[in-house]
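Worksheet for the structure shown next.
The values are calculated or read from the model by the stated rules, or taken from the named source; none is laboratory data. Keep in mind it's a predicted model, so treat the numbers as computed, not measured. With ideal geometry, Cβ positions are generated from the backbone for all residues, glycine too; neighbour counts draw on all protein chains shown. Heavy atoms of the whole protein, side chains included, go into the accessibility calculation; ligands, DNA and RNA do not. Shrake-Rupley method; radii C 1.70, N 1.55, O 1.52, S 1.80 Å.
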Amino acid sequence: MFPFTFTKAADEPSALADGANGGRYIAGGTTLIDLMRETVERPPTVIDINALPYRDIDINPQRLRFGALVRMTDLATDPRVRTQFPVISEALELSASAQLRNMATIGGNIMQRPRCLYFRDVTAACNRREPGSGCPAIGGENRTHAVLGTSAECVATHPSDLSVALVALDATVTLRSTRGDRSIPISRFFRQPGQTPDQEHDLRPGELIVAVDVPTGAHTSRSGYLKVRDRQSYEFALTSAAVAMDIQGGLIRAARVAVGGVGTVPWRLPEVERTLVGRTASDPVWTDAAARAADGATPLSGNAFKVELVKRTVARQLATVGARV
């Protein structure tokens, strides 16, 4: 392990000041510690923020708000979230293992780094670690990589299940630093690789995620998350689908659909949504809408199967959520 300074923040001002000076925030530590052990990340200072007061879960008629230090298990098992935002509970419960969910925080889950084997192997080239060094996954082992939002610089998938649900539900994140607060849609928080794959988030130096807001609507209670993977426990998605719909008298009045495991960021599907709205809920409608789920896909040598798989995943989850009362 390389030398670094560990500090335990006593309050918010001291944590933000240390962050502004180049420190990295840590809470559950389930991702950052692994990356430090593998020397993928080598922060000069690590700031323990567990003493900060970002642990509330609050629901009112307009929105759900949860703090960045809420543990994944606590959010997933909150009975209000289970009832009013089941897609969030299901995405969390299909993430990682029970032990990790008990440790990991919401902020840390959103900030996960890619699981690409080349990114995690410091002996391999990787444009996310070293811009300009290349992306060996494009011509190498790429079965689990992205088919949407890729570039010549990077094809790694985004690993967070929760973030797929949050993108589908139009969530916003509140970021705090010594300069103050700002809130942005979570869909804009994640950056596609383009020419700058090392810039994964719209996160300015020293900023810290403090809260997430999810607007309430008729669609949020009729929602769910489906994850397709190589094994049923502790595995990242080959594809996944977060679906939320408002259906009244059989008519689809609103739809929110996003997919994971296939995009370099959590991937919203506006064409699928447009195909659904105004139509009568039925199996042919689910299949017709899901046919647009892979629009724009660019498969690699080892992952062309994901194009058909994501369509089937979306169709299956549309039918599941559509049948819910």
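Laid out as a table, the results:
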item	result
Subset of segment 142-153 [free of Cβ contacts under 8 Å to residues at least 24 places away in the same chain and surrounded by 23 or more Cβ atoms within 10 Å (Cβ to Cβ)]	none
Out of 188, 176, sole residue that is assigned to a strand (DSSP E or B) and among the charged types (D, E, K, R)	176
Residue match in segment 117-128 (condition: modelled with pLDDT of 95 or more, crowded, with 18+ Cβ neighbours inside 10 Å, outside any loop (DSSP other than H, G, I, E, B) and not charged (D, E, K, R))	yes
Enumerated helices (runs of 4 or more DSSP H) restricted to segment 243-325, each holding at least 3 residues that are open to solvent by 20 Å² or more (accessible area, probe 1.4 Å) and hydrophobic (A, V, I, L, M, F, W, C)	305-322
Test: residue in segment 228-236 that is farther than 26 Å from residue 89 by Cα, polar (S, T, N, Q) and free of Cβ contacts under 8 Å to residues at least 40 places away in the same chain	no
Segment 79-99: number of residues that are under 15 Å from residue 162 (Cα atoms) and crowded, with 17+ Cβ neighbours inside 10 Å	13
Test: residue in segment 201-208 that is charged (D, E, K, R) and open to solvent by less than 20 Å² (accessible area, probe 1.4 Å)	yes
Out of 206, 217, sole residue that is touching a residue at least 60 places away in the same chain (Cβ under 8 Å), in a loop (DSSP other than H, G, I, E, B) and not assigned by TED's automatic domain parsing to the domain that holds residue 271	206
Of residues in segment 167-200 being open to solvent by 70 Å² or more (accessible area, probe 1.4 Å) and in contact with an Asp or Glu (Cβ under 9 Å, 6 or more places away or on another chain), the one nearest to residue 256 (Cα to Cα)	187
Residue count, segment 298-325 (criterion: touching a Lys or Arg at 6+ places or on another chain (Cβ under 6 Å) and farther than 25 Å from residue 218 by Cα)	2
Residue check, residue 156 in a loop (DSSP other than H, G, I, E, B), modelled with pLDDT of 95 or more, open to solvent by 20 Å² or more (accessible area, probe 1.4 Å) and not assigned by TED's automatic domain parsing to the domain that holds residue 306	no
Meets criteria (outside any loop (DSSP other than H, G, I, E, B), under 20 Å from the mean Cα position of the chain (by Cα) and not β-branched (Val, Ile, Thr)) for residue 151	no
